[in-house]
Amino acid sequence: MNGLAISDFIAALPKVELHVHIEGTLTPALRWKLAHRNSITLPYATYEDLEASYAVTLNHRPELNGRQPGIPTFLEAYFAGCEVLRTEGDFYDLAMAYLRRCAAMNVRYAEPFFDIQAHTRRGVPATAVLDGYLRAQHDGADQLGVHSRWIMCFLRDEPVEQGLAAYAEARPWAAGTVEGGKGLFHAVGLASNAYERPPMLFEEGFTLAQADGLHVTMHCDFGQKDTHAHMNEAIFQVRNGQGSERIDHGLDAEDQEELWQGLIDRKIGLTLCPHAYHRRTATEVLFPKIRRLAERGVQICINSDDPTLMHDVWIDGNMQKVYTYCGFSKGEMVQLARNAVDMCWAEEEIKHDIYEELRKVDISE
Ligand code: HPA
Ligand code: ZN
């Protein structure tokens, strides 16, 4: 795993994953299989070529860094992968593959993000996406013991009205107080390219979801242009000034006392994905920054983001990174796992069971 072996302690730790994009778990192998199943020609002659395309470091900020000819941006690569997802069965297979992987990594509960607009804008019916994930949500719990509550993301670089229409279409699959809601998603989020797309643009979507009894979270990407201004909106302005319930990434809050103090005062946790930042940030800069946030009392948990597009580093690999490079003790790692239980939106009974498991972890060094 990206230079680090996963220790027995990290492998065995009961885990909760709160920041993973289901489309970012599509493996080259499943993409290859689905391309054949759906008679789609991929721009790779062989499976090995496809696999090699995942090893590249993608351009994250073309607006700031310019384009590198022949190298897709991160989000271009991500959305290109989505092309092979067409039928209910495809979405089911994607989700079940992830939940099986969760079982193998001792992830007990997950809150995966999904991008409904990434599929409907290609002509895929919303029912195919939502029914596929819903069936996997049930089978994952029944067959694998991995429980999940999902998060519908607005694509922030698409028009707001399109996001609101997507929400209206997906709403019958929501939980909360939606009458007859099928219980797939319990929250809305905000994903895709944050460039000049601050959270407050989507305030109507957040308040609609809140009125439906859903939770609200949003990405504040690390090192993005205007990142501190976006954090300010997410902490102090959205949801009529209540702030977001969680923030995805949000690591830049460490730079400004007003922001990290705001996170503490308002009990807003951060879902961090260390490997995502480590691809572009020196070890000596990144991990002390994470440690400082934790030491000041900001609630953080450790997650994976888009593991197959991030050198196959999953939640266990991300936890191993902070265990190794932040120098956290076993007790501190258990606390990080507990933070994820605190921050999650699972049923109380599920939370209780994971707390109990964590209480029994041997933390002697
Ligand atoms: N950042 C923002 N949006 C995303 C990402 C990401 O890393 N992955 C999928 N959607
Ligand atoms: Zn993300």
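In table form, for the structure just shown:
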{"item": "Gaussian network model of the chain, springs between alpha carbon atoms under 10 Å - residue of A168, A340, A209 with greatest fluctuation", "result": "A168"}
{"item": "Distance between the range 226-291 and the range 175-189 - C-alpha centres, whole angstrom", "result": "27 Å"}
{"item": "Cα-projected label distance for M200 with A12, points at 7 Å along beta-carbon direction, nm", "result": "5.1 nm"}
{"item": "Space enclosed by the convex hull of the alpha-carbon atoms of the range 14-359, per residue, Å³", "result": "129 Å³"}
{"item": "Placed amide H near G269: partners under 5 Å, 5+ positions off or other chain", "result": "I247"}
{"item": "In order through the range 246-255: 3J(HN,Hα) via Karplus (6.51 cos²θ - 1.76 cosθ + 1.60), integer Hz, x for Gly, Pro", "result": "9, 10, 8, 6, x, 4, 5, 4, 4, 6"}
{"item": "Extension reserve of the D255-S364 stretch, reckoned as 0.36 nm per residue once the Cα distance is removed", "result": "35.9 nm"}
{"item": "Net charge over other residues, Cβ less than 13 angstrom from the Cβ of A175 (K, R count +1; D, E count -1)", "result": "-1"}
{"item": "Separation of the A229 and A104 label points, Cα + 7 Å toward Cβ, nm", "result": "4.4 nm"}
{"item": "Cα convex hull volume per residue for the range 237-322 (Å³)", "result": "95 Å³"}
{"item": "In Hz, Karplus ³J(HN,Hα) per residue of the range 302-318 (6.51, -1.76, 1.60; θ = phi - 60°; x = Gly, Pro)", "result": "10, 9, 10, 6, 9, x, 6, 8, 10, 6, 6, 9, 9, 4, 5, x, 5"}
{"item": "Computed lengthening from E48 to T207, 0.36 nm per intervening residue step minus Cα-Cα distance", "result": "52.6 nm"}
{"item": "Gaussian network model of the chain, Cα within-10 Å springs - most flexible of L94, L201, L58", "result": "L201"}
{"item": "Residue of I315, I290, I40 that the Gaussian network model of the chain assigns the largest fluctuation, springs spanning Cα pairs under 10 Å", "result": "I40"}
{"item": "Ranking by accessible area, most exposed first, for T41, T324 with a 1.4 Å probe", "result": "T41, T324"}
{"item": "Computed label-point distance, nm, for sites T283 and N240 using a 7 Å Cα→Cβ extension", "result": "5.0 nm"}
{"item": "In order through the range 332-346: 3J(HN,Hα) via Karplus (6.51 cos²θ - 1.76 cosθ + 1.60), integer Hz, x for Gly, Pro", "result": "5, 5, 5, 4, 4, 5, 5, 4, 5, 5, 4, 7, 7, 10, 7"}
{"item": "Relative contact order of the chain, pairs being alpha-carbon contacts under 8 Å that are 6 or more residues apart, as %", "result": "19 percent"}
{"item": "Amide H contacts of D305 (H built 1.01 Å from N, under 5 Å, at least 5 apart or other chain)", "result": "H19, V20, H21"}
{"item": "Sparse-neighbour loop sites [trypsin sites (Lys or Arg not before Pro); the range 119-195; at most 12 other C-beta within 10 Å; DSSP]", "result": "R122"}
{"item": "Apportionment of accessible area to carbon and sulfur, the chain, percent (1.4 Å)", "result": "49 percent"}
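The values are calculated or read from the model by the stated rules, or taken from the named source; none is laboratory data. Keep in mind the model is a prediction, meaning the values are calculated, not measured. Positions of Cβ are generated from backbone atoms using ideal geometry, with glycine treated the same way; all protein chains shown enter the neighbour counts. Quick note on the areas: whole protein, heavy atoms, side chains included, nothing else; ligands and nucleic acids left out. Shrake-Rupley method; radii C 1.70, N 1.55, O 1.52, S 1.80 Å.
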